[in-house]
Amino acid sequence: DAKTTQPTSMDCAEGRAANLPCNHSTISGNEYVYWYRQIHSQGPQYIIHGLKNNETNEMASLIITEDRKSSTLILPHATLRDTAVYYCIVSLYRGSQGNLIFGKGTKLSVKP
Amino acid sequence: NAGVTQTPKFQVLKTGQSMTLQCAQDMNHEYMSWYRQDPGMGLRLIHYSVGAGITDQGEVPNGYNVSRSTTEDFPLRLLSAAPSQTSVYFCASRKGETQYFGPGTRLLVL
């Protein structure tokens, strides 16, 4: 699986959009980009995933660059409850039996 | 649905003791897995199963055993606990592209 690079930490003001970047320059053509988050020692929570098109769901939007070497997770109106560690993961669709390789992620702090 | 449940929530063991961490899911998912998370680190895969009767090793399998006799249950056994196994353990099941994680078991080995 390709590796990802994320900033260690980020701050965001409550009510503003949080934009979390991720670099995955060695991603292969059949690998997906997944985002999970972990709120203070709870189990990780799935947010969104995509292959090459931008994706949006009720939690977030995922913007993937045309060359697929980077992506951005957007939380449109961050709340205090969005404070968490966000993991960007690149993995084959059901590849390696669907195993996820977690890095250290980005610690997002949403401040009032 | 209760989702993915794990017991116990906390456990303290002495070096050399054995124990079983329980994991159950009521979503009829075929794929289940166990991860461990050490302080300040991401999750690392211990073992996984793609269905009843089928298990395989992940990144850090040494010191752990698993079995999968039913779709619902995927217990993780520590054969002889060591201080290096002090960690938080997460169980997960998967449907499609989404993995669902349990609340975790905090294990301290003295």
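Each reported figure results from applying straightforward, stated rules to the coordinates on display, with no laboratory input. Please read these numbers as outputs of a predicted model, since none were measured by experiment. Using ideal geometry, Cβ is built from the backbone for each residue, glycine included, and neighbour counts are taken over all protein chains shown.
Cysteines of chain A lacking any other cysteine Cβ under 4.7 Å from their own Cβ: A:Cys12.
What FRET efficiency would be calculated for the residue pair B:Ala52, A:Glu66, taking the C-beta separation as r and a Förster radius of 41 Å, to the nearest 0.05? Efficiency, from the Cβ-Cβ distance: 0.45. Taking 31 Å as the limit for the C-alpha separation, the pairs B:Lys14/B:Lys95; A:Lys104/B:Lys95; A:Lys69/B:Lys9 exceed it in the case of B:Lys14/B:Lys95; A:Lys69/B:Lys9. Bridging of A:Lys111 to aspartates and glutamates at a Cα separation below 17 Å is possible for A:Asp11, A:Glu14, A:Asp82, once same-chain residues fewer than 8 apart are set aside.
Calculated FRET efficiency, A:Ser109 and B:Ser69, Cβ-Cβ r, R0 35 Å, to nearest 0.05? E(calc), rounded to 0.05, equals 0.20.
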